[in-house]
Amino acid sequence: MSYRTAFLAASCLVFAIPAYSAVSITGIGSISVTVDPSGQYSVTVPDMSWSFSGNVGAPLSNLQVGASADAIGGYAEISFDFQAGGARHASIRSYSNRSSILFSLSNPTADIANNFALPNWTQYPSGLNHLTFSGIFAPPSFWDFASDSPFVFFDNSGRSFILSPASHFMTAGMTHGPNGELASGISKNIATLPRGFEQRTLLVVENGINRAFDTWGNAITALTGKTRPSNDADLSLNKIGYWTDNGAAYYYTMATSMNYEQTLNGVKKDFDKAGIQLGSLQLDSWFYPKGSGATWDNNGAGIYQYTAAAPPFNSGLLRFQQNLGVPLITHSRWIDPSSPYHSLYKMSGNVVIDPAYWDSIAAYLSDSGVATFEQDWLADKAHTDFNLTDGEAFMDNMAASMARRHITMQYCMASARHYMQSAKYDNLTTIRTSADHLQRDRWTDFLYASRFASALAAWPFTDNFTTGDVSQLLLANLSAGPLGIGDAIGSINGPNLLHAVRRDGVIVKPDVPLVPSDASYANMAHSTDAPQVAFTWSDFEELRTNYVFAFPQGTNTQAVFRPADFGVNAPVYAYDYFAGTGNLVNATDSISTKISGTVLYMVLAPVGPSGIAVLGDTDQFVTMGKKRVSKIVDRGTARVSVAFAAGETSVMISGYSPVLPSVAAVEGSVGQVAYNQTTHLFQVPVMPGKNSSATIRIRQGEQSGKPSPLQPPHHNPGKTGAKATN
């Protein structure tokens, strides 16, 4: 039985021992917490020679040491009482299974002034780089200290700590004081805390910046109880979507000589013509009446009534959806001053917080074929008055009503506090992590905000793009979030789109979002002219394929990285996707490559015990995405399972082998192997069996027959996004 399970199973193990002198507890990695009766408290991290210390400024009483378990895991805890403007109670937990420390501060007996924070460190590791997420869409800042954001500190080798709120995210406040002090509590805009109020703060220490984000995010969602959604958890994540928001072809405009319903039906026919199934269609703010005139086209006004405007939907939203035959995603903004909702429901600021409103909206959407609700303008006009209760009520009631109707949610124009709040809701699946309409100048912000969102169990969304631009399509595909295009009728590039999706519209994606490498954080912190390097992967337990995406941020176009930077500890075949070439590389070898076009895209395929590196389906950007390669095992022979969409008759599987490999079908069938004696690359066509799947075995060994030539590689997108080839 594990330590955590033992504590959860036996509450009788919970204990507390009074203490009359300094006491210490120790967690994983010998991370220790010490509290002195004088009011001094400290955290020590021996492996990094780091320490954090502060003082509550008053003698302690009821100083106790105990142990128990919570959703994070088993912990040891020091608790104590003290007087600071009134009676306060505090505790500090150190966990046995994660490098995490949880601080709690409460006022159990009476209301109290909000003028105290725990922790409030006057001493902590110095000379570190830092990162917070500041403003609308939560872009990264390596110089600012945003008060609603986690504070991320790291050195050039990747040793990191993250300090953040662990509760009351809508009103929490982080502080970097004038003398460098570091504190976490409730925003100073809140004057008084009610009796029984408790605020929590989480400290995570890790060797590795991305590792720190993962540990921190998993601890936060453990505390909130959120079930982390899979990368195909809803329609927007599973299949290609069409978007009509800002930057898309039909944002507040229609196709020539068509009304809106005809336009959107024309989009659906375009997908049908391309032979790709459309998974969902987003209706932006143009779909509901706005302003005192209650018109659909008053883009500067708030919601008059949240129902489909007529026009453009003269027969109602449900009839339109039924005729279209595609589930909908619907947008929402703030409430207009002229709206009748002001007299019908309880409001705060520019939004409704009344649960009755949210129940009625969710019911309307559910009855109209809507699968996902998008709340926009969160860090701008769609906000409550700032107090302890209303922000929570707005977000909680929205989420609860949508969940009851099985509607998932997306946040847009969110600030860091909304990212944090999203960790409370199972049905919050996606967050827009960069400004409207994916463009080259959005990429850096998108990647870092994606790291923030994904740590908290939300999948990042790039916003709309057009399919003629391969580099935008590639980035969106590697994000592992939704794919939402905004092409005009007649301009959808089906061949390009099929590098990211199957014929049934299912997105072939990596397991996790594309995020910056640890080295990229240090480069950003020091404003180093170096390409941004980001990575993601498809993991098959014993084998993991990494995908590396790099692009210049200045004049330096030389990308430099090692497979080990992405957690690789064995040889890989490093395959330049657009050049169609590669070579064997050890984990610690440096790969230095000039970025000749818009991006460098490399697939790092692990060399298995067979000596073969399976690249997968190189017609897909994500060559080993699990909606194409569902399984691979290599215990001397590589066994690869391939998934097909209905109507797909053949998939080409590629890889590296020192000699012409022998390929046999276990399920389905295979064609002739193509092999290049110089590059040692092979290709084999695979055909499905009865269940739209196939399984093949690949091993080294001469296969009879003369190998056929390989297919040519895909073209590298240029500065304007050249079209890829099939």
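The values are calculated or read from the model by the stated rules, or taken from the named source; none is laboratory data. Note that this is a predicted model, so its numbers are computed, not measured. Using ideal geometry, Cβ is built from the backbone for each residue, glycine included, and neighbour counts are taken over all protein chains shown.
Here is how the numbers come out for the structure above:
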{"quantity": "One residue from Val684, Val670 being surrounded by 16 or more Cβ atoms within 10 Å (Cβ to Cβ), modelled with pLDDT of 95 or more and farther than 30 Å from Ser596 by Cβ", "calculated": "Val670"}
{"quantity": "Residue match in the stretch 125-134 (condition: of a type outside the set (A, V, I, L, M) and touching a His at 6+ places or on another chain (Cβ under 8 Å))", "calculated": "yes"}
{"quantity": "Among residues of the stretch 187-206, those that are loosely packed, with under 12 Cβ neighbours inside 10 Å and among the small types (Gly, Ala, Ser), counted", "calculated": "2"}
{"quantity": "Residue within the stretch 505-520 that is surrounded by fewer than 24 Cβ atoms within 10 Å (Cβ to Cβ) and within 30 Å of Thr256 (Cβ to Cβ) present", "calculated": "yes"}
{"quantity": "Qualifying residue in the stretch 389-409 (condition: closer than 27 Å to Asn238 by Cβ, surrounded by 20 or more Cβ atoms within 10 Å (Cβ to Cβ) and in contact with a His (Cβ under 7 Å, 6 or more places away or on another chain))", "calculated": "no"}
{"quantity": "Long-range neighbours under 6 Å by Cβ, at least six apart or interchain, first residue among the polar types (S, T, N, Q) within the stretch 350-365, second surrounded by fewer than 19 Cβ atoms within 10 Å (Cβ to Cβ)", "calculated": "Asn350/Lys381"}
{"quantity": "Given (1) at pLDDT below 95; (2) part of a strand (DSSP E or B), index of the condition Gly29 fails", "calculated": "(2)"}
{"quantity": "Which listed residue, of Arg451, Arg502, is buried (at least 23 other Cβ atoms within 10 Å of the Cβ) and either under 21 Å from Glu206 (Cα atoms) or among the acidic types (Asp, Glu) (or both)", "calculated": "Arg451"}
{"quantity": "Extreme residue, nearest to Pro194 (Cα to Cα), among residues of the stretch 57-86 that are surrounded by fewer than 16 Cβ atoms within 10 Å (Cβ to Cβ) and among the hydrophobic types (A, V, I, L, M, F, W, C)", "calculated": "Ala58"}
{"quantity": "Single match in Asp441, Asp445 (criterion: without any contact (Cβ under 8 Å) to a residue 12 or more places away in the chain and either more than 26 Å from Tyr364 (Cβ to Cβ) or not assigned by TED's automatic domain parsing to the domain that holds Asn350 (or both))", "calculated": "Asp441"}
{"quantity": "Lone unmet requirement of (1) more than 19 Å from Ile72 (Cβ to Cβ); (2) in a loop (DSSP other than H, G, I, E, B); (3) not assigned by TED's automatic domain parsing to the domain that holds Ser285 for Thr227", "calculated": "(1)"}
{"quantity": "Boolean, Phe103 is under 21 Å from Glu181 (Cα atoms), of a type in the set (Phe, Trp, Tyr), in contact (Cβ under 8 Å) with a residue 12 or more places away in the chain and in the same structural domain as Pro178 (by TED's automatic domain parsing)", "calculated": "yes"}
{"quantity": "Strands (runs of 3 or more DSSP E) wholly inside the stretch 591-666 containing at least 2 residues that are of a type in the set (D, E, K, R)", "calculated": "629-634"}
{"quantity": "Strands (runs of 3 or more DSSP E) fully within the stretch 517-563 counting 2 or more residues that are closer than 14 Å to Trp443 by Cβ and either in contact (Cβ under 8 Å) with a residue 60 or more places away in the chain or assigned by TED's automatic domain parsing to the domain that holds Arg635 (or both)", "calculated": "532-539, 544-551"}
{"quantity": "Filter result for Val512 (in contact with a Gly (Cβ under 6 Å, 6 or more places away or on another chain), over 18 Å from Tyr242 (Cβ atoms) and touching a residue at least 12 places away in the same chain (Cβ under 8 Å))", "calculated": "no"}
{"quantity": "Where Trp143 falls short, out of the listed (1) of a type in the set (Phe, Trp, Tyr); (2) at negative phi; (3) in contact with a strand residue (DSSP E or B) (Cβ under 8 Å, 6 or more places away or on another chain)", "calculated": "(3)"}
{"quantity": "The stretch 121-138: number of residues that are farther than 17 Å from Ile162 by Cβ and crowded, with 19+ Cβ neighbours inside 10 Å", "calculated": "1"}
